[in-house]
Amino acid sequence: MDLIVIGAGPAGISAAIYAKRGKTNVTVISNGESALQKAKEIDNYYGFENTISGSELYEAGIKQAKHLEIPFIEGDVLNINYADNPDDGFSVKTTAGDFTAKAVIIATGTKRVKSSIKGTTKFEGSGVSYCATCDGFFHKDTDVAVLGNGSFAEAEAKHLSPIASNVYVLTNGDENPSISADEKNIKIVSQKIDDLYGENTLEGVKFADGSTIPLHGFFIALGTAGASDMAKQLGAELNEKGDITIDNDCKTSIDGLYAAGDCIGGILQASVAVGEGARAGMAASKYIRQLNK
Ligand SMILES: Cc1cc2nc3c(=O)[nH]c(=O)nc-3n(C[C@H](O)[C@H](O)[C@H](O)COP(=O)(O)OP(=O)(O)OC[C@H]3O[C@@H](n4cnc5c(N)ncnc54)[C@H](O)[C@@H]3O)c2cc1C
């Protein structure tokens, strides 16, 4: 593939439409959870005399993209890496398979699932991490935990398995683990978590029943992979708020990697996401044309 757009909200669809109109071979991957679907009434979007619901606007965008014969893949994107063959650009790992693309636009919206476990903020950077690819190496031959219960948590645990001694996947009270792992050192623990403990650095996790597991690292992988998780894994620059840094073309610090919409922060509105998507789609299209010359 030439271009993968991750996200089918206003930013992703707008990016895909502009790329397609720029004669780029583009595919959209999404897991079907746009913020727009939660907006009951939209009165401030251009061109609608009467109130339109967010889901109507969302469906209209998808229909428009499908009308332009833009292919869609349904699945969670787990991570983005550089492809083994540099000519292929990026490798996008998803629950629907792995795909390569010369350029990628991240348009995943804001990540709304946050950890509310006590101690998370205190130990950020001193044991608590949001990226196994970035920080896994610091926990070589130690015991670590992954907080989450889904394909994203599973992928993070599998990444840590060959590095760490033991990887505990903590579902925090969810008795129905959806993780499947053959690796012997991955252990699923479904007890409810009380807090994280330690003096200045993380020393372990304490459960509601008073039991503890000593830990060197605690990786948060709740919900699905967010934009910053994906960008960080590739080494893209983030700002002090943790949002992806972009230039005027919505290009990140990495060639071929773009980001648009709510996932880059700023004004979280559909009109802004559409505009940023357009910029990213046009810029990615131009980048691919230059590569293909
Ligand atoms: C309750 C509410 C009311 C709102 N009201 C208004 C309003 O009146 N006017 C207005 O302009 N804006 C409104 N907004 C904001 C607007 O919905 C957002 O600004 C807009 O949807 C952002 O578009 P986006 O494409 O950046 O992200 P989103 O619309 O959130 O789309 C994100 C896309 O990324 C996909 N995705 C995310 N993670 C992954 C992953 N790991 N793998 C695969 N796919 C993934 C999702 O499936 C989705 O397709 C409202 C938002 C909410 C929540």
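Things worth noting here:
- Summarising the strand pairing of the chain, around 40 percent of its internal DSSP beta bridges are antiparallel.
- The packing ranking of peptides 279-287, 45-53, highest mean first, is 279-287, 45-53, where packing means the average number of other beta carbon atoms within 10 angstrom of each residue.
- Cut-off under 5 Å, modelled amide H: who pairs with Lys187 long-range: Val167, Tyr168, Val169
- The alpha-carbon atoms of region 107-223, seen along their principal axes, cover 35, 31, 29 angstrom, with the largest extent given first.
- Carbon and sulfur %, accessible surface of region 113-189 computed with the full protein complex present, 1.4 Å: 50 percent
- Cysteines of the chain lacking any other cysteine Cβ under 4.7 Å from their own Cβ: Cys250, Cys263.
- Dividing the summed helix terms, -39500 (n - 2.57) for each DSSP H run of n ≥ 4, by the number of residues in the chain produces a 222 nm estimate of -7500 deg cm²/dmol to the nearest 500.
- Relative contact order [Cα under 8 Å, 6+ residues apart], region 1-69, whole percent: 32 percent
- Modelled FRET efficiency - R0 30 Å, Lys114 with Lys23, Cβ distances, 0.05 increments: 0.15
- Among the protein heavy atoms of region 22-97, carbon and sulfur supply 45% of the accessible surface, probe 1.4 Å, non-protein parts ignored.
- A full extension of the chain between Gln37 and Glu183 corresponds to an added length of 48.8 nm, given 0.36 nm per residue minus the alpha carbon distance.
- Solvent exposure of the chain amounts to 49 Å² per residue of accessible area, where only protein heavy atoms count and the probe is 1.4 Å.
- Net charge of the neighbourhood of Gly173, taken over other residues with C-beta under 12 Å away and scored Lys/Arg +1, Asp/Glu -1, is -3.
- Peptides 72-79, 143-150, 179-186 ranked from most to least packed by the mean count of surrounding Cβ atoms within 10 Å: 143-150, 72-79, 179-186.
- Within the same chain, aspartates and glutamates fewer than 8 places from Lys187 are excluded, and of the rest, those with a Cα less than 17 Å from its Cα are Asp141, Asp143, Glu154, Glu156, Asp174, Glu175.
- Calculated FRET value between His67 and Asn239, using beta carbons and R₀ = 30 Å, to 0.05: 0.25
- Separation in nanometres of the label points that stand 7 Å from Cα toward Cβ, at Tyr82 and Leu268: 3.4 nm
- Within region 1-118, DSSP assigns beta bridges of which about 50% are antiparallel (rounded to the nearest 5).
- Among residues other than Ile264 with Cβ under 15 Å from its Cβ, the summed charge is -3 (Lys and Arg +1, Asp and Glu -1).
- Here the label points at Asn166 and Asn44, each 7 Å from Cα along the C-beta direction, are separated by 5.1 nm in the simple model.
The values are calculated or read from the model by the stated rules, or taken from the named source; none is laboratory data. All values reported here derive from a predicted model rather than from experimental measurement. All Cβ positions, even for glycine, are placed from backbone atoms using ideal geometry, and neighbour counts span all protein chains on display. Quick note on the areas: whole protein, heavy atoms, side chains included, nothing else; ligands and nucleic acids left out. Shrake-Rupley method; radii C 1.70, N 1.55, O 1.52, S 1.80 Å.
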